[in-house]
Amino acid sequence: DGSAKATSWLDQSGNGNNATVLSPCAGPSRAAASLAGRDTLAFDGTQAGGTCLGVADSASLQFGAGDFAVFVVARYSNVPGITEAKPTATFWSKREQASPFGGVWLVGNTLSESKLQLWQQNITGNQAISARAGLNDGAFHRFGGTRRSLAFEAWVDGVSEANVALPKADDVSQVGRPLFIGGAPELPKGWLSGNLAEVVGIKGGLTNAQIAQLDAYFKNKHGL
């Protein structure tokens, strides 16, 4: 718009999953030439109501009980901590609004550590948390999460940082629920403070070789 706030982010997959500004979020700002000469979207987690983008539900975003992958090129500076106002940095949120929060959530930070977390619901054994900490360093990383059969994995910079055996592969479709990027409106502590350069969501499984190929694409395109 006229204030360099994003009003939409166009899907390149051919599935028409274009992101727009959905209530209660404000649009993120354009950060010109902020990564390898390319623009990124800057999200302000300190703003009242947060900044995020939403994507209307579609069949291609309903992952069901099958395999899926979510990868982003992002950076964040959210400070973790149980008493912090906004400890988590949401990259991808398509989940129900009440506990056990079934669906898919990819975030930076647990309540106490700056690690990457992927979950399918708020029950022990259904989350994968990276071994690596200090990810809120303000540098761009390749963050990701995959479910392949009953293997739940968190990925950082092309490396599988956690591999958890799920008790079951829940249906995470959340039919009718929008996908939110950069925030989780149902979670007051879920706003991203940082930037997103690219978001890739895949309904279906990826081999290790395909994940390596995707990571190489990110590294080459974004100068990482």
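Express the accessible area of the chain per residue in Å², computed with a 1.4 Å probe while the remaining protein chains stay in the model. Mind dumping the intermediate values first?
On the way: 9300 Å² over 224 residues.
On a per-residue basis, the chain sits at 42 Å².
With a sphere of radius 10 Å drawn around the Cβ of Asn163, what net charge do the other residues whose Cβ falls strictly inside it have (Lys, Arg +1; Asp, Glu -1)?
Values: positive: Arg148; negative: Glu153, Glu161.
Around Asn163, the charge tally is -1.
Excluding residues on the same chain fewer than 8 positions from Lys221, give the aspartates and glutamates whose Cα lies under 19 Å from its Cα.
Once the sequence-local aspartates and glutamates are set aside, what remains near Lys221 is Asp11, Asp39, Asp157, Glu198.
Tell me, what are the semi-axes, in whole angstrom and largest first, of the equivalent ellipsoid of the chain as set by the roots of 5 times the Cα gyration tensor eigenvalues? Working shown, then result.
Values: eigenvalues 107, 75, 69 Å².
Three semi-axes, in Å: 23, 19, 19.
Straight distance only, please: which aspartates and glutamates reach the Cα of Lys189 with their own Cα at less than 16 Å, same-chain residues fewer than 8 apart left out?
Asp44, Glu84, Glu96, Glu113
Return the sequence-ordered ³J(HN,Hα) values of the stretch 180-197 in whole Hz as given by the Karplus equation 6.51 cos²θ - 1.76 cosθ + 1.60 applied to θ = phi - 60°, using x for Gly and Pro.
Ordered by residue, 3J(HN,Hα) equals 10, 10, x, x, 10, x, 7, 10, x, 9, x, 7, 6, 10, x, 10, 10, 9 Hz.
Helix-only estimate, please: 222 nm mean residue ellipticity of the chain, summing -39500 (n - 2.57) across DSSP H runs of length 4 or more and dividing by its residues, to the nearest 500. Intermediate results must be reported in sequence, preceding the final value.
Working: 1 runs with 15 residues, N = 224.
Using -39500 (n - 2.57) per qualifying helix, the result is -2000 deg cm²/dmol.
Take the chain, connect every pair of alpha-carbon atoms lying under 10 Å apart with a spring to form a Gaussian network, then pick out the residue of Thr40, Thr88, Thr207 with the largest mean-square fluctuation.
Answer for the Gaussian network model of the chain: Thr207.
The values are calculated or read from the model by the stated rules, or taken from the named source; none is laboratory data. As the structure is a computational prediction, the values presented were derived from the model and not from experiment. Using ideal geometry, Cβ is built from the backbone for each residue, glycine included, and neighbour counts are taken over all protein chains shown. All accessible areas refer to the heavy atoms of the entire protein, side chains included, with ligands and DNA or RNA removed. Shrake-Rupley method; radii C 1.70, N 1.55, O 1.52, S 1.80 Å.
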